[in-house]
1. Determine the relative contact order of the chain: mean sequence separation of Cα pairs under 8 Å and six or more apart, normalised by residue count, in whole percent.
2. Using a 1.4 Å probe over the heavy atoms of the protein chains, calculate the carbon and sulfur portion of the accessible area of segment 250-311 as a whole percent.
3. From the backbone phi of segment 41-49, what are the Karplus-calculated ³J(HN,Hα) couplings (6.51 cos²θ - 1.76 cosθ + 1.60, θ = phi - 60°) in whole Hz, Gly and Pro given as x?
4. Given R₀ = 30 Å, what would the calculated FRET efficiency be for His311 paired with Thr205, taking r from the Cβ atoms and rounding to 0.05?
5. In nm, to one decimal, how far is the Lys19 label point from the Ile171 one, both placed 7 Å along Cα→Cβ?
6. Could you run the Karplus curve 6.51 cos²θ - 1.76 cosθ + 1.60 with θ = phi - 60° over segment 57-74 and give me ³J(HN,Hα) per residue in whole Hz, x for Gly and Pro?
7. At R0 = 25 Å, how high is the FRET efficiency between His221 and Ser265 if r is their beta carbon distance? Nearest 0.05 is fine.
8. What residues have an amide H closer than 5 Å to that of Ile152, excluding those fewer than 5 places away on the same chain, when H is modeled at 1.01 Å from N in the peptide plane?
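The values are calculated or read from the model by the stated rules, or taken from the named source; none is laboratory data. These numbers were taken from a predicted model, which means no experiment stands behind them. Cβ atoms come from the backbone with ideal geometry, glycine included; neighbour counts cover every protein chain shown. When the accessible area is computed, the model is the full protein with side chains, heavy atoms only, and any ligands, DNA or RNA have been set aside. Shrake-Rupley method; radii C 1.70, N 1.55, O 1.52, S 1.80 Å.
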Amino acid sequence: MLDWTDRHCRYFHRLISRKTWLYTEMVTTGALLHGDPTRFLQFNPAEHPLAFQLGGSHPQELANCARMIEGFGYDEVNLNVGCPSDRVQNGRFGACLMAEPELVAECVAAMQQAVSIPVTVKCRIGIDDRDSYEELAHFVATVADAGCSTFIVHARKAWLSGLSPKQNREIPPLRYDVVYQIKKDFPQLEIVLNGGITSLDQADTVMHHVDGVMVGREVYHNPYILAEVDSRFFADTRQPKSRLEIMRLMLPYIQQQLKAGVRLSNISRHILGLFHGVAGARGWRRHISENACKPGADEQVILDALNLIIH
């Protein structure tokens with residue numbers, strides 16, 4: 001998620017779940033090829049398994065970026081064909097590419113030839129008035145023929161004009177039935193459903209019909225939902241960490257990053273939801289929000305906020 005799932009967020013989420021597959025925020029080919037690639041590609045080894053989400057529409061540029069991504073040690077490269085924002089459309093990538101399945105297939109083929117890690121695609125169920133099941137099935141079949149075996153499908157269509165990205169996550173109705181039908185018609189493919197998942201019970205129900213679920217904003221705002229994922233979906237018998245244990249493990253990382261020149265607020269914004277639903281959560285959020293952005297703010301801000309929870 002743009003500006004959300006950065007390396008600090010992912011490190012924090014990995015402390016909660018050892019098994020969940022984590023994804024970077026979407027980064028464009030231009031940012032990697034013409035900017036500072038290390039800024040976008042660096043990550044902590046503890047984040048594995050980890051996928052890099054890439055935006056672009058030029059096959060050779062995507063192939064070059066895929067090589068860079070593999071070289072940095074990522075476990076997967078995911079091509080985003082689902083983001084509906086204006087700035088994405090202006091760069092000719094994201095959801096607008098669903099209108100060009102042959103081009104997406106070229107991109108996937110070029111990336112597949114460049115790397116040995118899996119190349120996956122994230123898409124919508126349709127765009128604008130091009131939202132028939134036949135068009136979606138044609139898109140999936142065309143891209144699968146190019147070598148993609150995993151599709152992460154946001155179960156909403158995207159309106160490329162008239163709706164903001166936020167509205168595109170809320171207004172178009174969820175159509176899980178469409179994603180379920182894709183799995184039925186393409187049983188050889190791995191189909192992962194995205195959109196509207198707010199609990200593990202709901203995820204469990206959905207996974208009777210598809211191979212996996214991707215959860216975004218619910219995990220960001222209520223990250224401790226990840227605590228039971230390993231035991232419930234991966235047969236991990238280890239006891240989940242408590243919220244306090246997670247913060248004790250997070251503090252050394254915060255101290256290390258502060259020494260490297262990272263501002264506390266760049267890290268602390270990702271942990272605000274950890275105590276969601278717990279007594280004292282409002283004080284935790286307020287104390288961090290009010291103090292982490294101050295000059296010289298350090299880990300003491302977090303320790304003081306923890307005391308509000310403990311007491």
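1. 14
2. 51
3. 9, 5, 7, 8, x, 5, 6, 4, x
4. My answer for the efficiency is 0.15.
5. 4.0
6. Each residue's phi maps through the Karplus curve to give 9, 9, x, 5, 5, 5, 5, 4, 5, 4, 4, 4, 4, 5, x, 7, x, 5 Hz.
7. Efficiency, from the Cβ-Cβ distance: 0.90.
8. Val121, Lys122, Cys123, Val192
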